[in-house]
Amino acid sequence: MSTDALPVIAAVDGSAHSWEALDWAVDEAVRGGLPLLVVHVRPRAGRAEEEKGLREAEELLARAVLRVSARAPELPVSTLTPLDFPSAALVSLSRDASLVVVGSRGLGGFRSLMTGSDSLATASMARCPVVVVHTGRTDGSEAGHAGTPLDVVAGVAADESSAAVLDFAFEAAAARPGARLRLVHGWTMFSSVLSGGPVFDSEAAAESAERALAELTAGRDEKYPQVEVVREPVRGSASRTLVTASATAALTVVGRRRGGESLGLGLAPVAQTTVTHALGPVAVVPS
């Protein structure tokens, strides 16, 4: 493990969702040979409330460290409890992180430190990829029936805007021996026309989308020969396919948007729908 390796950040608030996110972050840090930074963001308040909040935060982080140690005894782990809004703190910390991992929602009400909106805001503005971990898998396993590795699924546009998504998805699949990489690309006749493809022949348009995906992955196929790639051009939005696939995928990967990050414009429609409705962990990769 490199001494200057950027950590995986796990945000915790004591909710079941955040504990599941922490477990996922631990496994990912071990898989990538990276240190783990566990963060609990405290809201600003009066002095007495802040002192109480600090004590509670220290107790929560101590529990988190014990949980990490039980799951991965050799993993280097540190903690941090900044005073800020949750998404603001995590976005700031993301500048020096390899990955930020959050739960899909937090405790709720006034005590919520990682609500659904905070998860979306973090995914929308972080400087590194953000994984939103949805609960639902009782054992947290990335193995399917008979121990078969689960797929990594990525939603891609058939152009250079998907470079970062492809790089992240190939790395994720390569780190999971035996996992396939499914590349899902949504196309329409209108998008075919815009890209200079077939105008009236839907079968030819589908074939054109397949060729575009093959061209996108040509160099990466050579770099990651161990990764089996399945290309899936689907007519219409890729959102439904991605959400369905997320139920059994080790990880679903989407791009944040094609532009507008500096304006805080949030997620692209496919990313927004996938993160909101997914049934498993979703990685949102900035352009």
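The values are calculated or read from the model by the stated rules, or taken from the named source; none is laboratory data. None of these values were measured; they are calculated from a predicted model. Neighbour counts run over all protein chains shown; Cβ positions are idealised from the backbone, glycine included. Surface accessibility is based on the protein's heavy atoms, side chains included, excluding ligands, DNA and RNA. Shrake-Rupley method; radii C 1.70, N 1.55, O 1.52, S 1.80 Å.
Values for this structure:
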read-out: Selection from the stretch 213-233 of residues that are assigned to a strand (DSSP E or B), closer than 20 Å to Leu150 by Cβ and open to solvent by less than 50 Å² (accessible area, probe 1.4 Å); value: Val229, Val230, Glu232
read-out: Extreme residue, modelled with the lowest pLDDT, among residues of the stretch 79-89 that are of a type in the set (Gly, Ala, Ser) and crowded, with 17+ Cβ neighbours inside 10 Å; value: Ser87
read-out: Count of the stretch 32-45 residues which are among the charged types (D, E, K, R) and at pLDDT 95 or above; value: 0
read-out: Residue count, the stretch 8-47 (criterion: of a type in the set (Gly, Ala, Ser) and part of a loop (DSSP other than H, G, I, E, B)); value: 5
read-out: Pair list, Cβ < 9 Å and 6+ apart or interchain, from the stretch 107-128 residues that are assigned to a helix (DSSP H, G or I) to residues that are at pLDDT below 65 and open to solvent by less than 30 Å² (accessible area, probe 1.4 Å); value: Gly116/Gly106; Asp118/Gly106; Asp118/Ser112; Ser119/Gly106; Thr122/Met114
read-out: Hits in the stretch 90-104 (condition: modelled with pLDDT of 95 or more, small (Gly, Ala, Ser) and not in a helix (DSSP H, G or I)); value: Ala97, Ser98
read-out: Residue pairs meeting the criteria (Cβ under 9 Å; at least 6 apart or on separate chains; first modelled with pLDDT of 95 or more, in the stretch 51-78; second among the hydroxyl-bearing types (Ser, Thr, Tyr) and assigned to a helix (DSSP H, G or I)); value: Ala64/Ser18; Leu75/Ser69; Val77/Ser69
